[in-house]
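Some notes on the structure that comes next.
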Amino acid sequence: MQPNPDSVAVVTLVALPFLAAAATPLVFRWLGERTAYYAATVALACFGLTASQYGATGTVSYAWVPAMDVSVRFYVDGLALLVGFLASGIGVLVFTYSAGYMHGEPGQAKYYTTLLAFLGSMLGVAFAADLLALYVFWELTSIASFILIGHYTGERSSRYAARKSMLITVGGGLFMLAGFLLVWSATGTFDLHALVTQPEQYRAMLRDAGLLLPAVALIGVGAAAKSAQVPLHIWLPNAMEAPTPVSAFLHSATMVKAGVYLVGRFRPFLLTDEWTLLFTVLGLLTMTVAAVLAVASTDIKELLAYSTASHLGLIVAGFGFASIYGAETGAFHILNHALFKAPLFLVAGIIAHEAGTRRIADLGGLADDLPITAAVAVVASLGMAGVPPFNGFYSKELLFESAWHAAEHAGGLAWLYPVVAVLGSVFTFLYSIRFLMLFFGEKPDALSHVHRPPASMWAPAALLGALAGLVGLGGVLATLGVAPAPIDHFVATVVGSVAAESVHGFHYYVPTHLTPAFAMSLVTIALGVVAYPFYGAIHDGVNALLAAVPPLRANWWYDSAVFGANPASVTVTDTVQNGLLRTYATWTLGAAVALTLGGYVLANVAPAVDTVTLVSAPIVLVLLVAVVAAFAVSIAPSHIAGVLTLSILGFMVAIFYILASAPDLALTQLVVETLTLVIFVLVLDRLPAFYGEIKRSRALRDGVLSVLVGATVTLTVLVTTRATPDKSIMEYYVSESIPQGGGGNIVNVILVDFRGFDTLGEISVIAMAALSVLTLIGMRERGEAS
Amino acid sequence: MRTVTRVTVPIIILVSVALFLQGHNQPGGGFIAGVLTSTAFALVYIAYGPEFLENDILGRDVDTAIEHLRHGVVADYRRLYAAGLTLAAGSGLAAVLYGYLYTDSGIPFMSQSYTFVHLPLYGELEVASALAFDLGVYAVVVGAVLTILSVVGVE
């Protein structure tokens with residue numbers, strides 16, 4: 001029996017970073033650069049709160065939009081806690097690291113505010129148990145990322161990178177939202193907890209509605225965009241424009257994990273054959289392609305970025321496999337990847353900061369000057385390479401295990417799983433060793449003495465590296481018979497929340513005899529060692545290939561689309577908005593008519609035929625006069641004459657209202673018509689008497705358009721009045737207007753009593769119109785408007 | 001034109017007041033009365049010019065257009081519709097407040113009570129609490145329409 005989560009702790013946990021972010025600009029004025037420690041304290045508090053919920057499982061819920069069954073629900077389980085620990089724990093270290101790294105940098109208040117808001121959003125993503133709340137937090141992480149990537153707003157490349165990540169991740173989020181809505185339309189619930197705990201029932205509902213595959217695909221696009229899966233991986237290397245702590249935090253440890261978190265979260269609910277096919281192919285492809293691109297990169301942060309995409313591919317592939325090994329792969333590798341990748345980014349930041357360059361070719365032999373950093377790099381890169389007994393090895397073993405398992409089960413083409421997994425891992429091994437070699441070998445002459453970084457920079461990296469080493473050590477101990485119980489237990493709870501299968505604990509160890517998976521690891525390492533001397537050749541070969549065939553690069557497609565859209569938008573603007581009122585009116589009215597009529601055609605509505613019950617001789621006469629007046633308007637020789645004839649039309653309408661026994665409407669129409677006439681006369685005084693002849697073609701176009709508009713309005717009236725509402729509405733007002741409203745004039749009673757709130761809104765609009773006229777016309781002489 | 005205006009404007013204003021007061025039981029109401037009152041002002045504008053109201057009736061000395069907007073009648077109109085909006089919102093909120101103070105649960109935005117007042121010459125007049133709201137509507141309409149009218153007119 002597991003305890004329920006404490007609702008106050010969970011809500012505080014998510015809300016605290018947002019409140020802290022709101023206060024940051026003030027705090028920054030007071031603390032200056034030491035704001036980093038303030039932010040670290042907030043993250044530490046979140047870490048403590050997360051830790052206080054360790055072992056709890058369940059939901060806490062507050063109603064938000066009760067009418068639509070939307071609540072702010074939070075859900076605590078192993079996976080949520082894992083992501084919560086990563087976000088807050090690495091948050092503490094990254095904030096501390098920022099104190100050193102961001103020294104003297106511009107825009108620090110903005111930096112810490114955004115980073116704290118990001119921390120809150122990420123915790124929100126991890127703990128949200130409502131699909132809509134999840135979506136909101138999800139997009140908040142994208143926005144925070146956008147601001148942080150574009151931190152150096154003056155740099156063109158920063159702006160390009162920020163825009164790219166925004167387009168891809170927010171666009172992906174919209175796909176995900178569409179997927180959520182499909183889930184909702186089929187199952188009728190936004191409650192993530194219910195979906196995950198009663199998967200069979202809801203999956204059957206989804207399948208019966210025929211929406212299973214679209215939902216999986218749409219949610220998959222969202223997850224792929226966030227987790228930089230091929231071909232949406234292209235934003236991640238550009239995201240390295242952000243300051244390095246941001247890269248470590250958002251683009252390796254947390255935000256990109258949101259995508260794999262989503263895949264893991266939905267795994268118990270949506271795990272089917274379609275799911276397996278989609279995510280294993282996507283994941284393995286990403287793992288391999290990104291590893292190859294990492295080998296081809298020339299910048300240490302670019303290398304790490306591609307490596308991140310590659311490892312996220314590994315996690316996604318793990319979640320794709322249907323066996324329990326798949327669940328274990330994903331769950332364990334999320335932890336391992338964060339533990340080795342975050343320190344590697346911090347190491348890259350130290351190198352860039354102290355050596356002044358990030359070009360791989362210009363670096364080497366750094367171990368002499370940076371011994372602690374080098375030690376961290378050894379542990380972390382060997383973990384990344386998947387070399388036993390470092391931490392990445394165990395989760396990669398699990399991937400090989402699940403790939404082998406799937407191949408054995410399905411046979412045939414499924415044997416590609418283990419082959420591709422090994423191929424991707426070989427490249428992973430190559431670039432990991434290349435990164436490690438930055439610290440060894442000959443030191444280039446151009447590189448003068450490299451300073452030691454301040455403690456606030458190396459300590460977080462060392463701590464993370466030590467944790468990674470500890471996980472690795474756990475496996476060795478397990479082989480010797482002392483199982484690392486806390487790690488096993490924690491990973492087991494995570495596996496429990498992503499597994500569709502039943503879970504019987506979790507253990508990892510260095511294998512002592514040859515299993516297929518271990519053999520695959522050995523093959524990987526052997527191939528890697530053989531291929532390493534040819535690293536330069538592979539690096540150049542891949543780059544030459546990409547340069548020769550641009551369509552191979554996903555970036556080429558992105559750039560062509562984005563930069564191709566510019567001329568198109570200019571053309572559209574010139575056509576639609578050319579500054580002539582006539583053009584605007586034509587397009588607006590034309591679009592309105594097209595949309596309305598199109599809607600009617602799609603909805604298959606037909607006007608009522610038998611609504612004409614009011615026809616009598618006086619009405620026909622009045623309407624005929626109105627029609628004649630309408631024609632007269634179009635041939636009026638001057639504006640004054642036109643307005644006068646137009647008001648004939650208006651007065652005829654008023655008389656029509658009287659005949660149709662609607663005195664209130666008639667009165668309003670009369671008064672408004674009079675006022676309009678007066679205003680026209682007031683304004684027309686200044687206008688030229690007449691503009692001159694118009695072209696025949698334009699007159700024809702306008703005529704056709706006006707007929708269309710008229711027809712649409714008529715049709716709309718017929719269609720909308722076709723529905724005969726319950727008589728009770730009218731009777732209700734007739735019977736209730738005196739007792740409840742105390743007035744005999746039903747129209748007025750409705751306006752000021754029953755719908756008084758609406759009227760308040762309407763008069764606010766009138767007041768606003770007056771204000772805007774005042775501002776636009778009245779205040780323009782003040783020279784502030786333009 | 002001026003003669004006609006002199007004769008009609010008082011009639012229009014009288015009619016609009018009548019429309020406003022009887023609105024609850026017969027055709028009329030704040031909106032229509034407001035528009036009608038505005039029409040009367042518009043007539044004055046057309047017949048006598050925009051400066052007439054300012055200089056000859058109110059006795060202010062306002063020369064430039066910008067003065068006219070910031071300190072003249074336009075500012076008064078602006079205050080008028082602001083006051084109207086406040087009155088309308090306030091009369092609705094008063095009911096809500098009343099509900100929270102004197103009944104157990106909140107009651108809707110608008111609620112209703114009314115009484116009869118005997119006015120000399122006019123006779124029996126029904127004063128409903130909705131009249132306050134309607135007065136707000138009236139003030140907003142008159143203020144807003146006249147603001148627009150004078151700003152556009154001065155142009």
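The values are calculated or read from the model by the stated rules, or taken from the named source; none is laboratory data. Please read all numbers here as calculations on a predicted model, not as lab measurements. All Cβ positions, glycine included, derive from the backbone under ideal geometry; neighbour counts span all protein chains shown. Heads up: the accessible areas ignore ligands, DNA and RNA and are worked out on the full protein's heavy atoms, side chains in. Shrake-Rupley method; radii C 1.70, N 1.55, O 1.52, S 1.80 Å.
At 1.4 Å probe size, with no ligands or nucleic acids counted, give the accessible surface of A:Thr575 in Å², nearest ten.
Accessible surface of A:Thr575 is approximately 70 Å².
Once the Cβ-Cβ distance between A:Thr197 and A:Ile658 is put in as r, and R0 is 56 Å, what FRET efficiency do you end up with, to the nearest 0.05?
Details: r = 65 Å, r/R0 = 1.17.
E(calc), rounded to 0.05, equals 0.30.
Per residue of B:34-40, count partner chain C-beta atoms within 10 Å of its C-beta, then hand back the mean as an integer.
Working: counts 4, 9, 6, 1, 6, 8, 1.
Per residue, the average neighbour count from other chains is 5.
Can you tell me the FRET efficiency between A:Arg696 and A:Val576 if r is taken as the Cβ-Cβ distance and R0 is 30 Å, rounded to the nearest 0.05? Don't jump to the answer; show the numbers that get you there.
On the way: r = 24 Å, r/R0 = 0.79.
So the FRET efficiency works out to roughly 0.80.
Over all directions, average the projected area of the Cα convex hull of the protein assembly as shown and note it in nm². Walk me through the numbers before you get to the answer.
On the way: hull surface 206.9 nm².
Reported value for the Cα convex hull: 51.7 nm².
Provide the net charge surrounding A:Phe74, with neighbours chosen by a C-beta distance below 14 Å and charges set as Lys +1, Arg +1, Asp -1, Glu -1. Write out the running numbers ahead of the final one.
Details: positive: A:Arg73, A:Arg265; negative: A:Asp6, A:Asp77, A:Asp130, A:Asp191.
Once positives and negatives cancel, what remains is -2.
Which order do the peptides A:325-338, B:74-87 take when ranked by the mean count of other beta-carbon atoms within 10 Å per residue, highest first? Mind dumping the intermediate values first?
Values: A:325-338: 28.0, B:74-87: 19.2.
Per-residue mean Cβ counts within 10 Å order the peptides as A:325-338, B:74-87.
Provide the net charge surrounding A:Ala253, with neighbours chosen by a C-beta distance below 14 Å and charges set as Lys +1, Arg +1, Asp -1, Glu -1.
Around A:Ala253, the surrounding residues sum to +3.
Within the protein assembly as shown, count lysine pairs with alpha carbon atoms under 15 angstrom apart where the residues are 8 or more positions apart or belong to different chains.
Numbers: A:Lys164/A:Lys226; A:Lys226/A:Lys257; A:Lys257/A:Lys341; A:Lys301/A:Lys341; A:Lys341/A:Lys396.
Lysine pairs, 8 or more places apart or on different chains, close enough: 5.
What FRET efficiency do you get for A:Arg163 and A:His513 if R0 is 60 Å and r is their Cβ-Cβ distance, rounded to the nearest 0.05?
Working: r = 53 Å, r/R0 = 0.89.
Efficiency, rounded to the nearest 0.05: 0.65.
Rounded to the nearest 10 Å², what accessible area does A:Val387 show when all protein chains are kept and the probe is 1.4 Å?
Surface accessible to solvent at A:Val387 totals approximately 30 Å².
Averaging sequence separations of C-alpha pairs under 8 Å and six or more residues apart, then dividing by the length of the range A:135-256, give the relative contact order as a whole percent. Let's see the in-between values first.
On the way: 139 pairs, mean separation 40.3, N = 122.
Relative contact order of the range A:135-256: 33 percent.
Picking from A:Leu31, A:Thr59, A:Pro618, whose Cα lies most toward the positive end of the charge dipole for chain A (charges on Cβ: Lys, Arg +1; Asp, Glu -1)?
Of A:Leu31, A:Thr59, A:Pro618, it is A:Leu31.
Skipping prolines and chain starts, which residues have an amide H placed within reach, meaning under 5 Å, of the one on A:Ala128, given they are 5 or more residues away or on another chain?
A:Tyr75
Just report the Cα centroid separation between the range A:502-542 and the range A:622-679, whole Å.
Cα centres, the range A:502-542 to the range A:622-679: 86 Å.
Roughly how many nanometres apart are two label points built 7 Å out from the Cα toward the Cβ at A:Ser764 and A:Asp540?
Between A:Ser764 and A:Asp540, the simple spin-label model gives 7.0 nm.
How many partner chain Cβ atoms sit within 10 Å of a residue's Cβ in peptide B:137-149, on average, as a whole number? Please report the intermediate quantities before stating the final value.
Values: counts 8, 1, 2, 9, 4, 0, 4, 10, 6, 1, 8, 10, 7.
If you average over the peptide's residues, the count of other-chain Cβ atoms is 5.
If we sort A:464-474, A:637-647 on the protection proxy, mean other Cβ atoms within 10 Å, highest first, what's the order?
Working: A:464-474: 22.1, A:637-647: 16.1.
Ranking, from highest mean packing down: A:464-474, A:637-647.
Compute the separation of the alpha-carbon centres of the range A:1-55 and the range A:398-460 and state it in Å as a whole number.
With the range A:1-55 and the range A:398-460 each reduced to a Cα centre, they are spaced 34 Å.
How large is ³J(HN,Hα) for each residue in the range A:280-291, as worked out from phi by the Karplus curve 6.51 cos²θ - 1.76 cosθ + 1.60 (θ = phi - 60°), to whole Hz, x for Gly and Pro?
Those phi angles translate into 5, 5, 4, x, 5, 4, 4, 4, 6, 4, 5, 5 Hz.
Peptides A:97-110, A:433-446, A:297-310, B:5-18: what's the order by average Cβ count within 10 Å, highest mean first? Walk me through the numbers before you get to the answer.
On the way: A:97-110: 18.4, A:433-446: 16.4, A:297-310: 24.4, B:5-18: 14.8.
Highest-to-lowest ranking by the protection proxy: A:297-310, A:97-110, A:433-446, B:5-18.
What's the Kirkwood radius of the range A:1-120 in Å, using all Cα pairs? Mind dumping the intermediate values first?
Working: mean 1/r = 0.0658 Å⁻¹.
Its Kirkwood hydrodynamic radius stands at 15.2 Å.
Put a dot 7 Å past each Cα toward the Cβ at A:Leu19 and A:Val681; how far apart are the dots in nm?
6.5 nm
Can you list the HN-Hα couplings for the range A:35-47, worked out from phi with the Karplus curve (6.51, -1.76, 1.60; θ = phi - 60°), rounded to whole Hz and with x for Gly and Pro?
In residue order, the calculated couplings are 3, 3, 6, 4, 5, 4, 5, 4, 4, 5, 4, 5, 4 Hz.
Under the Karplus relation 6.51 cos²θ - 1.76 cosθ + 1.60, θ = phi - 60°, what is the ordered set of whole-Hz ³J(HN,Hα) values for the range A:511-518, x standing for Gly and Pro?
Karplus values, whole Hz, x for Gly and Pro: x, 9, 10, 7, 9, x, 5, 5.
Just to be sure I understand the model, the point goes 7 Å from the Cα along the line to the Cβ. What's the resulting A:Ala485 to A:Ala361 distance in nm?
Using points 7 Å along Cα→Cβ, the separation is 5.6 nm.
Sequence gap at least 6, Cα distance under 8 Å: using those rules, report the relative contact order of the range A:160-220 to the nearest whole percent.
Values: 37 pairs, mean separation 28.2, N = 61.
Value for the range A:160-220: 46 percent.
Between beta-carbons, use under 15 Å as the cut-off and find the net charge around A:Ser521, counting Lys and Arg +1, Asp and Glu -1. Don't skip to the end; give the middle numbers.
Values: positive: A:Lys396; negative: A:Glu397, A:Glu401.
Summing Lys and Arg as +1 and Asp and Glu as -1 gives -1.
Using only helices, what value at 222 nm comes out for chain A when you add -39,500 (n - 2.57) per DSSP H run of length 4 or more and divide by the total residues, to the nearest 500 deg cm²/dmol?
Working: 31 runs with 560 residues, N = 786.
Value at 222 nm, helices only, nearest 500: -24000 deg cm²/dmol.
Accessible area per residue, 1.4 Å probe, Å², for chain A: what's the number?
Values: 34580 Å² over 786 residues.
For chain A, the solvent-accessible area averages 44 Å² per residue.
Using the Cα atoms as the points, what is the convex hull volume per residue of the range A:457-554 in Å³?
Numbers: hull volume 23.8 nm³, N = 98.
Dividing the Cα hull volume of the range A:457-554 by its residues yields 243 Å³.
List the residues whose amide H sits under 5 Å from the amide H of A:Val230, counting only those 5 or more places along or on another chain, with H placed 1.01 Å from N in the peptide plane.
Close amide H contacts, sequence-distant or interchain: A:Thr286.
Averaged over peptide B:77-86, how many Cβ atoms belonging to another chain are found within 10 Å of each residue's Cβ?
3
Cα centroids of the range A:293-351 and the range A:74-141: how far apart, whole angstrom?
Cα centroid to Cα centroid, the span is 19 Å.
Putting +1 on Lys and Arg Cβ atoms and -1 on Asp and Glu Cβ atoms, find which of A:Gly179, A:Ala499, A:Tyr600 reaches farthest to the positive end of the dipole of chain A.
A:Tyr600
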